[in-house]
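This report concerns only the one structure given below.
Just so it is clear, none of the values below were taken in a lab; they were calculated from the coordinates. Worth saying up front: this structure is predicted, and the values here are computed from it rather than measured. Note: ideal-geometry Cβ built from the backbone for every residue, glycine included; neighbour counts use all protein chains shown.
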Amino acid sequence: MRGALSLAAGALLACAFAPLQWWPLAILCPALLMWLWDSVTPRQGAWLGFWFNTGTFAAGTYWLYISIHVFGEAPLYIAAALMAALVGIMALYHAALGYAVARWLPARGALRWLIAVPGAWLLVEWWRGWFLSGFSWLSLGYSQTDTWLARLAPVLGVYGVSGALLICSGALAALLLGCRRVRWMAVAALAVPWVTAAAVAGVEWTHPSGPPVSVAVVQGAIPQDQKWQDSNKETTLNLYHDLTQRALGRRLIVWPESAPADLVNELVPYITNVYREARTHGSALVIGILRASDDGEHFYNSVLALDDRLSWYDKDHLVPFAEFFPVPGFVRSWLRLHSLPYSDFTRGGANQPPLPAAGLMLGATVCYEDAYGSSMIRVLPAANALVNVTNDAWFGHSSARHQHFQIARMRAIEAGRYLIRAANDGISGVIGPHGEVVARAPEFTPYVLMSSVTPRAGLPPYARVGNWPVVSLSLLALACGLWVRNHRARRPADPAAGTPSAAA
């Protein structure tokens, strides 16, 4: 019964994120798991954690099936195996957390619910977003882009927002399970994140550093199952040319990830012609495009900026089993026979400068890269706006595109900068420095989105220090819990109570 309840709570947690955005579930569902973890054995705690994350990631990342099987044309058993592997790995993280909570943290009291368990949970969330290239999707903090707690992101980042949610969840567990004194502490703890967020809500961490710049986002809306067909190559090129004609005169025109369905090496006359037309009308171009090195040995998923000079950004954070395969060559050959979509790209490097275009210095990311906030802050001292080019057509009409757009909004909040997002078939948009959606294009429709962005300077606290304050506080919270549990276990029994003495 407890296992089924944990599985249901985990699945329900996926509804806290876009597109539903039932954000209170990001507090209630973890609180329910903390309640289920009360008075369980380490083995039981591990299973409860396992079923919770199984529910979350099965419900929250079901769209992997669409990308692997429907568009990737991989056999059903391979798609199911890869999806099960991801869900299983994510579930094991929480299994380890559940075991640790039951085995090494205080059995009861304010320290357990308000400090130690939230700290341990947050460490696990940060670890899974970093270890072995990481998978930070469905981090709790992303659910709060439209609440007061989002105002904590420029100070503490998305993991700081997650930490605030976990403190609230622990407070709810303490209200249910604690003594009277602990309940009063829980009420105070429940209020602290919201009061703090309200206190910093009026602070402007960045400021305008120049006049507004007119922008146009070109959304080709090429269906994924047609995009790379040779017979559609000319149609795609003509479409982007014609859509760009409508945007000429805007100071910046942005195309999505791998917009032309070919290597830039094969499209030099075409790109040159589009560039000349844009320059004639005072427009700069930013284009998501694939390219090969001069010797043809390396391939890059890139962003090309064309203004007074040509500039490149090459994607650095590649997606395992999508953009590179960390497996032996014979395995790659076997997967090729099964039509699984893959390509081995080369990393661009972590310290690439921003792209100069239309008087802006653009901190660029390609697709999934924007899920790594700590990686993006390296470019912020020099960048006064952000641009993300992506292709979420791989996931059809699923929730993936909405989750990804929500992640982009969090990046804009953390950086305190405008973010221009160009997606092949949506969600394309312009996001303001507080995460507000300034403009948004209709999905699955060829469209030219017109808007403007204002360059901004200054660094929010998170952009200066990254995740280390939050991680350090989480480690300290966990260490306190471990020390108290160990200290209590060594204390002599209280003759009057018949049990080891312990604070509430």
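Table for the structure above
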read-out: For the chain, the spread of Cα positions along each principal axis, largest first, Å; value: 89, 53, 36
read-out: Charged-residue dipole, Cβ positions (Lys, Arg, Asp, Glu), the range 349-448 about Cα centre, Debye nearest 20; value: 160
read-out: By average C-beta atoms within 10 angstrom, highest first, the peptides 365-376, 115-126, 235-246; value: 115-126, 365-376, 235-246
read-out: Charge context of ASP38, other residues only, Cβ under 11 angstrom, K/R +1, D/E -1; value: +3
read-out: Inter-site label distance for ASP344 and THR147 at 7 Å from Cα along Cβ, in nm; value: 4.5
read-out: Estimated dipole of the chain in Debye, rounded to 20 [Cβ of Lys and Arg +1, of Asp and Glu -1, Cα centre]; value: 2220
read-out: Cβ-based exposure ranking for LYS315, LYS233, LYS227, in which fewest neighbours within 10 Å come first; value: LYS233, LYS227, LYS315
read-out: The chain: angle of helix 25-36 to the longest principal axis, Cα-based, in degrees nearest 10; value: 30
read-out: Exposure proxy ranking, count of Cβ atoms within 10 Å, fewest first, for THR145, THR61, THR445; value: THR445, THR61, THR145
read-out: Length gained when the stretch LEU76-VAL192 is fully extended (0.36 nm per residue, less Cα-Cα span); value: 36.9 nm
read-out: Global size of the range 208-459 as Cα Rg and Dmax, reported in angstrom; value: 17.2, 55
read-out: Residues MET83, MET34, MET1, sorted so that the one with the fewest Cβ neighbours within 10 Å comes first; value: MET1, MET83, MET34
